[in-house]
Every structure is written in structure tokens, then in C-alpha cells.
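A short worksheet on the structure shown next.
The values are calculated or read from the model by the stated rules, or taken from the named source; none is laboratory data. Being a predicted model, the structure only gives us computed values, none of them experimental. Virtual Cβ from ideal backbone geometry, glycine too; neighbours counted across all protein chains shown. When the accessible area is computed, the model is the full protein with side chains, heavy atoms only, and any ligands, DNA or RNA have been set aside. Shrake-Rupley method; radii C 1.70, N 1.55, O 1.52, S 1.80 Å.
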Amino acid sequence: RKEVEQDPGPFNVPEGATVAFNCTYSNSASQSFFWYRQDCRKEPKLLMSVYSSGNEDGRFTAQLNRASQYISLLIRDSKLSDSATYLCVVTFQAGTALIFGKGTTLSVSS
Amino acid sequence: NAGVMQNPRHLVRRRGQEARLRCSPMKGHSHVYWYRQLPEEGLKFMVYLQKENIIDESGMPKERFSAEFPKEGPSILRIQQVVRGDSAAYFCASSGGLASPTTETQYFGPGTRLLVL
């Protein structure tokens with residue numbers, strides 16, 4: 001079983017749509033959780049950290065359910081510029097190795 | 001630009017040659033991480049270093065791969081006797097500086113794309 005599993009994608013949505021990505025992690029000892037964004041042939045960039053209380057950053061909302069070992073990312077009012085691969089990431093301890101999912105590709109069209 | 005620097009950005013090697021990838025962490029950062037992304041795969045952790053120390057090398061292949069982060073200068077990922085399967089994007093990340101929102105936030109460099117012919 002993979003340590004971090006994500007929806008396989010790709011997700012193809014029109015501008016303005018709401019899209020949700022899901023992610024599960026296998027190790028209950030995981031401590032920190034993130035969503036990163038990776039554009040084609042570029043480096044990953046931190047989109048947001050994910051907290052048990054849930055957190056929102058503009059059009060992006062992240063949720064964590066520790067009991068179910070489940071993480072989600074909701075994007076509202078999709079923009080063309082949101083087209084990218086979204087990576088679900090966990091760590092066992094702050095400052096240690098990041099464990100990446102394979103990513104879910106989002107394509108937003110006009 | 002005070003971001004993470006990597007060079008070269010692209011590297012072509014023939015089988016059996018050596019590849020040296022360099023990473024300069026963000027200013028003030030003392031922790032360096034190397035990750036590898038094979039074609040159509042996710043990023044995989046390789047090694048975590050602090051100045052002059054390897055903290056975690058659990059993701060490093062046992063042979064041909066080595067990494068260092070000397071007191072002065074960039075971190076180096078070295079691959080000896082490269083094979084075609086080493087072709088990948090190698091990303092470096094850094095953390096641990098006072099400029100980080102938290103000490104754990106890892107910032108990535110642009111990567112080195114290694115092609116082994």
C-alpha cells in the first residue's frame with residue numbers, strides 16, 4: 001500500500017467550476033500535512049498547510065480528518081491559472097522528509 | 001534572488017560517467033533535502049543533510065549515490081557510473097531559516113534534469 005494515495009485524475013473542468021481532490025495516507029503517525037502545486041516541468045511550490053481545524057486561503061480550502069487519515073483540497077471558482085498537478089504531502093515529524101503522493105492533474109478550460 | 005539555487009539545470013551524461021548536482025539553499029537555511037522525480041512518478045525523498053552532517057539517507061540507493069553539505073559551499077549530490085534509469089529530475093529543497101513561516105517549511109529549487117544516454 002502506498003504511503004500517500006491520491007485521486008488519479010486528470011480532472012478537466014470549465015472555468016468557474018468547483019473541484020475537490022482527495023488524499024489518504026497510510027501512517028497514522030504522520031504529523032504534518034500539506035498541499036503543494038507543481039506546474040509542468042517546474043518545482044513543487046507550497047500551496048497551503050493543512051490543519052485538523054481546516055483552513056482556507058482565498059478560493060482554496062483544505063481539510064484533514066485524522067481518524068480517517070484523509071486530506072482534501074477544495075478549489076472554488078476555478079481559474080485557467082489553476083491548471084497544474086496538485087500534490088498531497090505528509091511528514092512524520094516536522095523538518096523531516098516530505099512524502100509525496102503522485103499528484104492529481106487539474107486542467108481548467110475556458 | 002534569494003531562493004534555492006540548483007545547477008546545472010540540465011545535464012546530459014553517457015552511461016558510466018559521473019554526474020554532480022549542486023544545490024545552494026535559501027539564504028539563512030541550514031537544512032537541505034534531495035528528492036528525485038522519475039518520469040511519470042511522484043517525488044521521492046533521497047537524503048536530508050545539515051551542514052557537514054547526513055541526518056537521514058534512507059531514500060538513497062545503496063550504491064553509486066552520495067551526498068554532502070560542506071561547511072562552505074553548496075550541497076552536492078553525486079552519482080557515479082550513471083545508468084539510463086538515473087534519468088530523472090532531481091530537486092533540492094531547503095528549510096530551517098528564520099525567514100521561513102515555520103522552520104519545517106521546505107522550499108524547492110528549480111531542479112536539475114539529468115538525461116543519461
- Report, in cubic angstrom per residue, the convex hull volume of the C-alpha atoms of chain B. 100 Å³
- Using the scaling law 2.2 N^0.38 Å as the reference, what is the normalised Cα Rg of chain A? 1.01
- Query: Net charge near residue B:39, counting Lys/Arg +1 and Asp/Glu -1 over other residues with Cβ under 14 Å of its Cβ?
  - Reply: +3
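What accessible area per residue comes out for chain B, rounded to a whole number of Å², with a 1.4 Å probe?
Values: 6060 Å² over 117 residues.
On a per-residue basis, chain B sits at 52 Å².
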- Message: Could you tell me the calculated FRET efficiency between residue A:5 and residue B:83, based on Cβ-Cβ distance and R0 = 22 angstrom, to the nearest 0.05?
- Response: 0.15
- Message: Suppose we compare each residue of region A:75-110 in its chain alone and in the full protein complex with a 1.4 Å probe; which ones drop by at least 40 Å² of accessible area?
- Response: A:95, A:97, A:98, A:100, A:102
- Note on the structure: Whole-Å distance linking the alpha carbon centroid of region A:1-77 with that of region B:44-117 is 25 Å
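So what is Rg over Rh here for region B:1-42, counting just Cα atoms and using Kirkwood for Rh?
Taking Rg over the Kirkwood Rh, I get 1.03.
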- So what is the accessible area of region A:1-78 per residue, in Å², with the probe set to 1.4 Å? 54 Å²
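To one decimal place, what Kirkwood hydrodynamic radius in Å is obtained for region A:65-110 from all pairs of distinct Cα atoms? Present the calculation step by step, with values, prior to reporting the outcome.
On the way: mean 1/r = 0.0788 Å⁻¹.
This gives a value of 12.7 Å.
Below 8 Å, C-alpha to C-alpha, sequence gap of six or more: please give me the relative contact order for chain B in percent. Working shown, then result.
Values: 304 pairs, mean separation 42.4, N = 117.
In percent, rounded to a whole number, it is 36.
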- Which net charge results when you count Lys and Arg as +1 and Asp and Glu as -1 among the other residues whose beta-carbon is under 12 Å from that of residue B:68? +2
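Over the protein assembly as shown, with every protein chain in place, what whole percent of the accessible area is carbon and sulfur at 1.4 Å, could you tell me? Mind dumping the intermediate values first?
On the way: 5460 of 11410 Å².
Ligands and nucleic acids excluded, carbon and sulfur reach 48 percent.
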- Task: Mind scanning A:2/B:51; A:102/B:51; A:2/B:44 and naming the pairs with a C-alpha gap bigger than 23 Å?
- Result: A:2/B:51; A:102/B:51
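Please label the shape of region A:1-47 as rounded, prolate or oblate, based on the square roots a ≥ b ≥ c of the eigenvalues of the alpha-carbon gyration tensor (a/c under 1.5 means rounded; beyond that, a/b larger than b/c means prolate, else oblate). Please report the intermediate quantities before stating the final value.
On the way: a/c = 2.07, a/b = 1.53, b/c = 1.35.
Prolate is the answer for region A:1-47, as a/c is 1.5 or above and a/b outweighs b/c.
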- Message: Using a Debye calculation, one point per C-alpha and no hydration shell, please list log10 I(q)/I(0) for the protein assembly as shown at q = 0.18 Å⁻¹ in order.
- Response: -1.34
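Using Cα-Cα distances under 8 Å and only pairs 6 or more residues apart, what relative contact order does chain A have, in percent?
Working: 274 pairs, mean separation 41.3, N = 110.
Result for chain A is 38 percent.
To the nearest 100 Å², how much accessible surface do chains B and A cover up together, summed over both, with a 1.4 Å probe?
Details: alone 6790 and 6110 Å², together 11410 Å².
Chains B and A together bury approximately 1500 Å².
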- Item | Whole-Hz couplings from phi, Karplus 6.51/-1.76/1.60, listed for region A:99-110; x for Gly and Pro | 10, 9, x, 6, x, 10, 8, 10, 10, 9, 10, 8
